[in-house]
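Chemist: Structure incoming, see below.
The values are calculated or read from the model by the stated rules, or taken from the named source; none is laboratory data. Being a predicted model, the structure only gives us computed values, none of them experimental. Glycine also receives a Cβ, built like all others from the backbone with ideal geometry; neighbour counts cover every protein chain displayed.
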Amino acid sequence: MRIIVTGLIGQYSFGGVIWDYIQYVLGFRALGHDVWYLEDTGAWAYDPVRMEPSADCSINVARLSNIMHDFDMGDRWIYRNGADGKTHGVTDPEEVEKILSSADVLANVSGACWLRPETARIPLKLFLDGDPMFTQIKLAENLHPEHTARVKAHERHYSFGLNIGRPGCRVPVAGISWHPTVQPVALDHWLSNDSPGTNWTTVMNWASYAPKEFEGENYGQKDLEFTRFVDLPQHSSEHFVLAMGEGIGSRRPTAMLESKGWTILEPDEHIPDHIAYQHFLVSSKGEWSIAKHGYVHSWSGWFSCRSACYLAAGKPVVVQDTGWSDHLPTGAGVFAFTTLEEARAGIAAVSADYDQHSRAARAFAEKYFSADRVCADLLEPVG
């Protein structure tokens, strides 16, 4: 089949963002499909230097071209500039129309593609949500009916919210039948360097965007959850290094965090692209991380795309439970925690038998996150 994968690689060509989207491309391609990458958000380009929207997309296009070549996608990509409607990669409008009109599947990852008539006509459109609770609040409130209509125009809807529709989960279904899915990981790209590393790490923003209120409850960002575990370094002999963005609205309290024993790195300096990001993960001992308060409080069942990459590299993860432990096993290479003591115990268990947990981490990724398997599941009929 011809499959169009959408994303934000050109718009936000940062390390983790690149991997989030490109691994869908690699997964469908591994299955033998004819895969194209499309970036058509309808928005102006984001200038990463000035950190503001720009009518000039030359920086974005140049970076996207290099990334596509890094993953052997050559010229099999289309970037539409929202400012003037011109396309890059494939520049001939008739050729763009031909590619899109002959597609069988649109994998609209994180809803990045703002459907136009040519993409709306693709027979099987998959809406892939990686931000459960926040996505569904927007749909349930229906403050932007056009957006809601475009989301509902997809034939199938998937979410990292593994618990959506189950008892105890606060995520509203918003009139949509949500099916569970996880991040696909191209395992061949995440081979371990066989070194345990010395630091527990993660990559995060202190606060990615403003909290949301829904039905009288507040659903916030990672800053709210982090405060519950801020004393972890003082309860462990391990070292913790966080590549942490400052965040929006709630600014990162760097001095306080460092006084508690956390080492803080600036992501734009230390992991500016997909290569540096991968090296940061692979060189770690493992990942310790919290989740957005909204994921936890809603008991969404979200499991991190970043954690899946750590596991594929044979790096154990000790990560906050959002309800994902109802679906994925814990205790071998992967530990869920809800309290400071559980976090400390998970880290201690990994350190006590690192080699065993490293092997278990890789096996976990092979079983649950293999890109070809996850992508194949997306193409199967759903009940």
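Chemist: Could you count how many residues in the range 127-154 are of a type in the set (A, V, I, L, M) and under 21 Å from the mean Cα position of the chain (by Cα)?
Modeler: 5
Chemist: Now for a different question. If I ask for residues that are without any contact (Cβ under 8 Å) to a residue 24 or more places away in the chain and among the small types (Gly, Ala, Ser), which ones from the range 253-267 would you list?
Modeler: Within the range 253-267, 255, 259 meet the criteria.
Chemist: Here's a follow-up. So residue 307 ticks every box in (1) surrounded by fewer than 24 Cβ atoms within 10 Å (Cβ to Cβ); (2) not assigned by TED's automatic domain parsing to the domain that holds residue 17 but one. Which box is left unticked?
Modeler: Residue 307 satisfies every listed condition except (1).
Chemist: Also, quick follow-up: Counting just the residues of the range 244-271 that are among the small types (Gly, Ala, Ser) and loosely packed, with under 15 Cβ neighbours inside 10 Å, which one comes out nearest to residue 229 (Cα to Cα)?
Modeler: Here the residue is 259.
Chemist: Which members of the range 355-375 meet the condition of being of a type in the set (A, V, I, L, M) and crowded, with 16+ Cβ neighbours inside 10 Å?
Modeler: 360, 361, 365, 371, 374
Chemist: I've got another one for you. Answer yes or no: is there a residue in the range 117-127 that is touching a residue at least 12 places away in the same chain (Cβ under 8 Å) and in contact with a Pro (Cβ under 6 Å, 6 or more places away or on another chain).
Modeler: Within the range 117-127, none of the residues are touching a residue at least 12 places away in the same chain (Cβ under 8 Å) and in contact with a Pro (Cβ under 6 Å, 6 or more places away or on another chain).
Chemist: Quick check on this structure: which one of 78, 122, 99, 67 is under 19 Å from residue 378 (Cβ atoms) and surrounded by 13 or more Cβ atoms within 10 Å (Cβ to Cβ)?
Modeler: 122
Chemist: Of the numbered conditions (1) farther than 28 Å from residue 207 by Cα; (2) out of contact with any strand residue (DSSP E or B) (no Cβ under 6 Å at 6 or more places or on another chain); (3) in contact (Cβ under 8 Å) with a residue 60 or more places away in the chain, residue 79 satisfies every one except a single condition; which is it?
Modeler: It fails just one condition, (2).
Chemist: Looking only at the range 172-198, which residues are under 18 Å from the mean Cα position of the chain (by Cα) and farther than 22 Å from residue 137 by Cβ?
Modeler: At the first step, the residues of the range 172-198 found to be under 18 Å from the mean Cα position of the chain (by Cα) are 178-187, 189-190.
Result: 184, 185, 186, 187, 189, 190.
Chemist: Can you tell me which residue is surrounded by the most Cβ atoms within 10 Å (Cβ to Cβ) among those in the range 327-354 that are more than 23 Å from residue 225 (Cα to Cα) and in contact (Cβ under 8 Å) with a residue 40 or more places away in the chain?
Modeler: My answer is 351.
Chemist: Take residue 193 and decide whether it is under 26 Å from residue 276 (Cα atoms) and surrounded by fewer than 17 Cβ atoms within 10 Å (Cβ to Cβ).
Modeler: yes
Chemist: I would also like to ask the following. Anything in the range 268-285 that is in a helix (DSSP H, G or I) and more than 22 Å from residue 196 (Cα to Cα)? List them, or say none.
Modeler: Residues satisfying the conditions are 268, 269.
Chemist: So residue 150 clears everything in (1) assigned to a loop (DSSP other than H, G, I, E, B); (2) closer than 25 Å to residue 380 by Cα except one condition, right? Which one?
Modeler: In the conditions (1) assigned to a loop (DSSP other than H, G, I, E, B); (2) closer than 25 Å to residue 380 by Cα, residue 150 misses (1) alone.
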